[in-house]
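The values are calculated or read from the model by the stated rules, or taken from the named source; none is laboratory data. All figures in this text were calculated on a predicted structure; none of them were measured in a lab. Positions of Cβ are generated from backbone atoms using ideal geometry, with glycine treated the same way; all protein chains shown enter the neighbour counts. What goes into the accessible areas is simple: the full protein's heavy atoms, side chains included, and nothing from ligands, DNA or RNA. Shrake-Rupley method; radii C 1.70, N 1.55, O 1.52, S 1.80 Å.
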Amino acid sequence: MRGSVTAAAVTGALALSALAVPASQAAPAARPAERPVIKKVVVNGGKPIVVGTRSRQKIAVSVTASSPSGIADAYVFLWHGHIDEVDAVLGQDRARGACTVAPGDPTTSTCKATITIDPRSGLGRNSLAGTWQAAGGAVAATGDQSVDETAAPVRLQRFSKLTVNASPEPVRKGRTLTVTGKLTRANWETFTYRGYSKQPVRLQFRKKGATTYTTVRTVTSSSTGTLKATVKAAADGYWRYSFAGTSTTPAVSAAGDYVDVKVTGKS
């Protein structure tokens, strides 16, 4: 299966299996089937897949499977929706993976491949952010095959950005410092970045010479994703906003904005 495929008309577990397995690899019907066992499916090293508005993401996938006769091929595809009502499918870049036999165990192989996700042609809906399923399939040397439609959950997220600006700079000690910023995330429908509203974002400070940030307060993003807080200037250091992330959007922290605090009466 190549590239990404919309599967609005695909329904049922058997349809999922048929979508992934080439007909030429179907098992002969005249003898008992030798069903491979899917042992493990790994997508993107187990990490969430984060997709922006322009760049294609090439995701590494692998299947470890075993069969008495050995494994001839294995493959992965990602699907979204319900097992009986799939609304999107992402397939491997190449139909066949690169398989390596396990040392000392000719019955087991790990097959590796890639899936390229293009936000401009493979997604198109913000509702596709969240949990997907990775289906893993394998073909035995005899030609028999098996598919695990729910081999592993996969999180697909909309890339996020966060800015910060602390002013005035410099500022007198004890005066009010205003820290503004904006939290945005990829919109897969308009291919732009839009504000992420009503999200808790931590305002943090790192004193000059220190190595870690401390949370000062939590600010909620506006309807357009903007952030604003006022604090008393006490010491030289870096101010930033930090967002913990959600199931559809990854965590992100702004680069610290350094503020020089002047002591009254000194240059």
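A few points about this structure:
- Per residue solvent-accessible surface (Å²) - the chain, probe of 1.4 Å: 50
- Using Cβ point charges alone (K and R +1, D and E -1), the dipole size of the stretch 134-267 about the Cα centre works out to roughly 1240 debye.
- When the convex hull of its Cα atoms is viewed from all sides, the chain shows a mean projected area of 18.0 nm².
- Dimensions (Å) - the stretch 61-109, Cα atoms, principal axes, largest first: 41, 22, 14
- Highest average packing first - 126-137, 213-224, Cβ atoms within 10 Å: 126-137, 213-224
- Legend: distances between Cα atoms for Lys47/Lys182; Lys198/Lys262; Lys47/Lys198; Lys39/Lys112; pairs beyond 24 Å are Lys47/Lys182; Lys198/Lys262; Lys47/Lys198.
- Options Ser222, Pro168, Val179, ranked by Cα towards positive dipole end of the stretch 135-267, top entry (Cβ charges): Pro168
- Expressed as a whole percent, the proportion of Cα-Cα pairs in the stretch 155-206 lying more than 14 Å apart is 64%.
- Mean shadow area of the stretch 210-267 over all directions, Cα convex hull, nm²: 5.6
- Computed [θ] at 222 nm, helices only, for the chain once each DSSP H run of length n ≥ 4 contributes -39500 (n - 2.57): -1000 deg cm²/dmol
- Protein heavy-atom surface of the chain, 1.4 angstrom probe: 51% of the accessible area is carbon and sulfur, with nucleic acids and ligands not counted.
- Student exercise, the stretch 103-157 dipole from Lys, Arg, Asp, Glu Cβ charges, in Debye to nearest 20: 380
- The peptide list 168-177, 90-99, put in order of mean Cβ contacts within 10 Å with the highest first, becomes 90-99, 168-177.
- Across the stretch 56-197, the volume of the C-alpha convex hull divided among the residues equals 172 Å³ per residue.
- Relative intensity, log₁₀ I(q)/I(0), of the stretch 98-142 from a Debye sum that treats every alpha carbon as a point, q = 0.13, 0.25 Å⁻¹: -0.52, -1.01
- Remark: the stretch 83-187 carries a charge dipole of roughly 1220 debye about the Cα centre, counting +1 on each Lys and Arg Cβ and -1 on each Asp and Glu Cβ.
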